[in-house]
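Presented below is the structure to which this report refers.
Where a number appears in this text, it was derived from the coordinates with a stated rule and is not lab data. In this text, all values refer to a predicted model and were calculated from it rather than measured experimentally. Cβ: placed from backbone, ideal geometry, glycine included. Neighbour counts: every protein chain shown.
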Amino acid sequence: MAAVEQQRRVVTAIPGPRSQELQARRLATVSAGVGTGLPVYVERAGGGILVDVDGNQLIDFGSGIAVTTVGASNPRVVEAVQRQVRDFTHTCFMVTPYEEYLAVCEKLARLTPGDHDKRSALFNSGAEAVENAVKIARVYTGRSAVVTFDHAYHGRTNLTMALTAKSMPYKQGFGPFAGEVYRAPMAYPYRWRGAADDVAREAFEAFAGQVHTQVGEQNVAAVVIEPIQGEGGFIVPPAGWLQLIADWCHKHGALLVADEIQTGFCRTGDWFACDHEGVVPDLITTAKGIAGGLPLAAVTGRADVMNAVHPGGLGGTFGGNPVACVAALAAIETMEAEDLPARARAIEELFTTRLRRLAESFDVIGDVRGRGAMLAIEFVRGGGDTTPNPELTAAVNQHCHREGLVTLTAGTYGNVLRFLPPLSISDDLLNEGLDILERAFVTHA
Ligand SMILES: *Cc1c(COP(=O)(O)O)cnc(C)c1O
C-alpha cells in the first residue's frame, strides 16, 4: 500500500459523519470509563498524518501519546512484523524462548544510561514495567518504602495508581491503594515558591527532609522518578536536581528508578532524558516509543539488582511477545539509522522559537517548556495572574482539533497543552500545525 500522503485535508466537520456513526456504536458497546480526547476514527496513519474514516487528514502532534516516534506505519516495522507473524506469533518466553527477546535486551543494555553490566525483563505495558521495577527493588534491598513525587504519573494498576499523584480521573473511587508509597515535592520551576535560581537545592532539601521525618532513609527501597514529568504537565526539573536525588539514593542504599516510559527512545533529543544530565539510574522503565506502536515494555538495570529475584518471580504470558520484539528492533534500527535524537533536537528548535514568540504576544502563556519533541505551554489567567487556566486550554485544544490538528492536554490542573509529534513528521506539517495553534490564540485568548 502507498505511503500516507503528507498533507492536511479537512473535508467534513470534525468529527465527520462516519466518525459520529462509529461514536454512537461505541457508546453502546465500550465502557464509558475509557475516555477519548478526539472521537475521530482512524483508518490509516503514517509520517505526521492520521487519515480518518471520513477522508480527513489530520496533522499528528500526539503520536498516540509518545508511542509512534518512528511513525505509525514505519516501513521497517511493518516489514519486520509481517515476517514475524508468518513465522510465529507466540510461544510464551517462559515456556519455550526465542532469540528476538534476547536481541531486544541486548539493545536495551547498550542504549540505556551507564556502561555497567545490565539485565532486562520484558512486559506489555508501562504500568506493568513500573510495578515490576518496584518488586525488583524491594527484593534487592529488603525494604518496602517507595518515594514518588507531586504531579507524577506511573500508570493505572493498583500499585502504580498509588505512585500516580492526580486523583481525578486516575484514582477517584479506585482505592484502597497499595501501601508504603510516599510523596515528595517536585522541583517544578514555574510554580516553585522559593527563589528561582535555587529550585534544585530547595526541592532536594524538601525531599530529603520529608523522607527523613516521614519514612526513614533506611526503609526506602526505591525513589521512582520521571526525569521529565509527562502527564503531570511536561515539568522539566532544574539542572542538578536529578543528580542530587541520585546521590541521595546512593548514599542511603535506595535504588533510583527512572521512569522513562514517555521520555525514552529519542523523544527528548537524546536516547533517554537521564542522558542530558549524565545521571545513571539503577533501574530504568521503558515502553511507549520502544516498538513503533506495538505493546512492549521493559525494566533494565544493574545485573546484581535484576538477578536478585528468584526464578519465576518475574514474567507474564505475553511479556516480550515476539511480534512486539521485532517491531522494537526495527524501530531502534530506524532511530539509529536516521539519527532520531538529532531530529528531536531540530523539532525542539523549530517549536520553541515559535512558541516563545507566541508567548510574547499572549500573556496567558505562563510557561513554554520541554525538551526535544516533548514540548508544552502552560496556560494561566494572564496579566501577572498565574492561576491555572484550564478553560482556555480546552478551548485552544478543541480549536486545533476542529482545524485538523491533533493536540493533547496534560497537567495536574488541566492547563497544559503538550506537543509530541512523531519524529517522522516534516517541517512543513510542523509549521502548518503551529500556524493553526497561533490562529487558535487569536480567536480564543
Ligand atoms: C504512560 C506512562 C506510564 C504507563 O504506561 P502504560 O503503557 O499506559 O501502562 C507510566 N509512566 C509514564 C511516565 C508514562 O508516561
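Within the range 100-133, which residues are under 22 Å from GLU336 (Cβ atoms) and of a type in the set (Ser, Thr, Tyr)?
TYR101, THR112, SER120, listed by residue number.
Of the numbered conditions (1) touching a residue at least 40 places away in the same chain (Cβ under 8 Å); (2) within 16 Å of the ligand (Cβ to nearest atom); (3) more than 23 Å from ASN124 (Cβ to Cβ), PRO189 fails exactly one; give the number of that condition.
(2)
Any chance the range 140-153 includes a residue that's out of contact with any Leu (no Cβ under 6 Å at 6 or more places or on another chain), surrounded by fewer than 18 Cβ atoms within 10 Å (Cβ to Cβ) and of a type in the set (Lys, Arg)?
no
Select, from ARG381, ARG439, ARG418, the only residue that is within 21 Å of ALA72 (Cβ to Cβ) and outside any loop (DSSP other than H, G, I, E, B).
Values: ARG381 fails: within 21 Å of ALA72 (Cβ to Cβ); ARG439 fails: within 21 Å of ALA72 (Cβ to Cβ).
Only one candidate passes the filter, namely ARG418.
Of the residues that make up the range 351-369, is at least one under 21 Å from ALA129 (Cα atoms), under 21 Å from the mean Cα position of the chain (by Cα) and crowded, with 17+ Cβ neighbours inside 10 Å?
Kept after step one, since they are under 21 Å from ALA129 (Cα atoms), are these residues of the range 351-369: none.
So far as the range 351-369 goes, no, none of its residues is under 21 Å from ALA129 (Cα atoms), under 21 Å from the mean Cα position of the chain (by Cα) and crowded, with 17+ Cβ neighbours inside 10 Å.
Pairs needed: first member in the range 146-164, under 21 Å from VAL211 (Cβ atoms); second member anywhere, within 11 Å of the ligand (Cβ to nearest atom) and basic (Lys, Arg); C-beta distance under 8 Å; at least 6 residues apart or different chains.
THR164/ARG156
Identify, please: which residue in the range 381-392 is surrounded by fewer than 22 Cβ atoms within 10 Å (Cβ to Cβ) and of a type outside the set (Gly, Ala, Ser) and is, among those, nearest to THR68 (Cα to Cα)?
The extreme case among them is PRO390.
Go through the range 142-178 and give me each residue that's in a loop (DSSP other than H, G, I, E, B) and touching a strand residue (DSSP E or B) at 6+ places or on another chain (Cβ under 7 Å).
In the first step, residues of the range 142-178 are kept if they are in a loop (DSSP other than H, G, I, E, B); the result is 142-144, 150-157, 164-178.
Within the range 142-178, ARG143, SER144, ASP150, HIS154, ALA165 meet the criteria.
Just one of (1) part of a helix (DSSP H, G or I); (2) buried (at least 19 other Cβ atoms within 10 Å of the Cβ); (3) not acidic (Asp, Glu) trips up ALA109, so point out which.
(2)
If you check ALA137, ALA103, which single one turns out to be hydrophobic (A, V, I, L, M, F, W, C), surrounded by fewer than 22 Cβ atoms within 10 Å (Cβ to Cβ) and part of a helix (DSSP H, G or I)?
Every option except ALA103 fails the conditions.
Go through the residues of the range 169-181 one by one and say whether even a single one is within 16 Å of the ligand (Cβ to nearest atom), surrounded by fewer than 19 Cβ atoms within 10 Å (Cβ to Cβ) and acidic (Asp, Glu).
no
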